[in-house]
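The structure under discussion appears below in the form of structure tokens.
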Amino acid sequence: MGNDSLTITDNRTGKTYEIPITDGTIRAMDLRQIATSKDDFGLMSYDPAFTNTASCRSAISFIDGDKGILQYRGYPIEQLAEQSSFLEVSYLVVHGELPTAAQLKAFVHNITVHTIIHENIKKFVDGFHYDAHPMGILVSAVGALSTFYPDAKKIFDVQSRQTQMSRLIAKMPTLAAFAYRHSVGMPYAYPDNDLSYAGNFLNMMFKKTELKYTPDPALEHALDVLFILHADHEQNCSANAMRSVGSSQVDPYSAVAAATAALYGPLHGGANEAVLRMLTEIGSVKNVPEYVKRVKAGEFRLQGFGHRIYKNYDPRAKIIKRIAEEVFEVTGKSPLIDIALELERIALADDYFISHKLYPNVDFYSGIIYQAMNFPVDMFPVLFAIGRTPGWIAQWQEMLLDKEQRIARPRQVFIGASRRDYLPMERRPA
Ligand code: CMC
């Protein structure tokens, strides 16, 4: 074996093994040959929370956390946010290349004609309690779509996959808006296919009695960019859920329901809500230094700061900060933005944050924008889910077509009781 290998000596047996290194990884299965005897199962790697384990080979998004780089299919997020649209980015993420004009037109058409949902789904949403969290409704409603499209089971049929992808990207905003309107007791607003993807979502969210809703172009653009920024983020918790559940070869609606459920958790899709609460609690720019002092004393964490992967400024946070200014020109400035800016200014000059490599992440400014646009806090993770849907679909398809992938089934290190005999009730200790 050449230089691209790892030599391991098992000190239990004195035996030496050479294991190939490919793309900076060794295969965990290559460890299995390392055993103490014929009866020994062989060595496994132990990696709770997958902090140093690659579960797949992927060509969708690339992150360099130290440099603060995010690319979808090789294109820098900054260029896509500046020059592309969410549906074009969806095409790119799902199909791997930027579309031609004709391909984009067909793609947008396919999404647009699928925005309506079956009337029975409306009845299903009606069944939720009046104050149901819209994310809980979304998880259930998107899973329920599988019962309306039994053809979705044909996951190895290219045409069927394309149809389900269009349906999912098209219907997530409709389900999301219906979930919101149910939770506030407003009649549902049907999709308006004359509008853009983001414009139609604003229509379904905020239309009142007017005959036709006209979205503000600046808010429509801001929302479109926010969707772009959330489109994919390599093997995060929900992408991993999508792949893991999808690996059982279930239909994509059920797998997206699982991914959406993963996003529901506060450690994944809920941080921007925490940022908003924190800024409200700080209350005023003059209270910022004291708050930072308490963070440094370990009383609590600065919400919207730090990231498992980014050890530099999250590139999405920079773009969101710029978009915030465009939004505030329409909505008026949020009083929270000055507190956020001061918090960022003080933190970025402070030794604690510098030495811990803590920078603003995507959630630091997004909640302030959503709030300024009149989205209630409960809808924040729902907005994230709409933006992330093309990423989930791309991850799912890549997994399905990857010959190396099989049903995801991790190993465990068993630490429970060894074999023992069943004790009848009367013989058990009190
Ligand atoms: N404020 C203050 N100290 C922090 C923070 C913070 N926000 N984040 C990390 N630290 C400190 C932490 O106390 C620890 O210090 P020490 O080594 O002295 O004990 C060190 O930094 C490493 O922390 P960690 O918890 O091991 O880092 P992690 O990579 O496991 O956590 C994180 C990443 C995002 C969970 C964490 O930074 C955090 O809790 N941030 C606040 C919540 C937040 O903004 N979450 C949104 C993440 S972005 C969402 C997405 O991309 O989907």
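Name the residue, out of Asp47, Asp194, Asp131, whose mean-square fluctuation peaks in a Gaussian network model built on the chain with Cα pairs under 10 Å. Most flexible of the set in this elastic network: Asp47. Ranking Ala101, Ala35, Ala179 by Cα position along the charge dipole of the chain, where only Lys, Arg, Asp and Glu carry charges on their C-beta atoms, puts Ala35 farthest toward the positive end.
Lys/Arg Cβ at +1, Asp/Glu Cβ at -1, dipole of segment 202-244 taken about the Cα centre: which of Val225, Met204, Asn236 is farthest positive-ward? Highest projection toward the positive end goes to Met204. Cross-link check: pairs Lys15/Lys311; Lys153/Lys207; Lys207/Lys357; Lys15/Lys67; Lys123/Lys208 evaluated at a Cα-Cα cut-off of 32 Å; pairs beyond the cut-off: Lys15/Lys311; Lys153/Lys207; Lys207/Lys357; Lys15/Lys67. Segment Phe300..His109, full-extension length gain: 64.0 nm, with 0.36 nm per residue of separation and the alpha-carbon distance subtracted. Cα centroid separation, segment 88-126 to segment 210-257: 11 Å. Helix 237-246 and the longest principal axis of the C-alpha atoms of the chain enclose an angle of approximately 70°. In terms of overall dimensions, segment 3-68 has a Cα radius of gyration and Dmax of 15.1, 48 angstrom. Summarising the label geometry, the points placed 7 Å from Cα in the beta-carbon direction at Ala59 and Ala430 lie 7.0 nm from one another.
For segment 56-173, the equivalent ellipsoid derived from the Cα gyration tensor has semi-axes of 30, 19, 15 Å, listed largest first.
Dipole orientation for the chain: of the candidates Thr7, Ala170, Ala257, Thr7 has the Cα lying most toward the positive pole (charges on Cβ; Lys, Arg +1; Asp, Glu -1). For segment 71-145, GluC sites (Glu not before Pro) meeting the loop criterion (DSSP other than H, G, I, E, B) and having at most 12 other Cβ atoms within 10 Å: Glu97. Each label was represented as a point 7 Å from its Cα along the Cα-to-Cβ direction; for Ile346 and Phe50 these points are 3.8 nm apart.
Here segment 271-372 is treated as an ellipsoid with the same Cα gyration tensor; its semi-axes, largest first and in whole Å, are 21, 16, 11. Which angle from 0 to 90°, rounded to the nearest 10, does the C-alpha axis of helix 197-206 make with the longest principal axis of the chain? That helix lies at roughly 70 degrees to the long axis. Judged by the mean number of other Cβ atoms found within 10 Å, the most tightly packed of the peptides 31-40, 109-118 leads the ranking 109-118, 31-40. Applying both filters, DSSP loop and at most 12 other Cβ atoms within 10 Å, to the chymotrypsin sites (Phe, Trp or Tyr not before Pro) of segment 73-135 gives Tyr130.
Around the Cα centre of the chain, unit charges on the Cβ atoms of Lys, Arg, Asp and Glu (plus for the first two, minus for the last two) sum to a dipole of about 1180 debye.
In percent, rounded to a whole number, the relative contact order of segment 271-372 is 46, using alpha-carbon pairs under 8 Å and six or more apart.
For the chain, the convex hull drawn through the C-alpha positions has a volume of 234 cubic angstrom per residue.
A short reminder: the numbers here are calculations on the coordinates, not readings from a lab. Because the structure is a prediction, the values reported are computed rather than measured. When we count neighbours, we look across all protein chains shown, and the Cβ atoms used for this are built from the backbone with ideal geometry, even at glycine.
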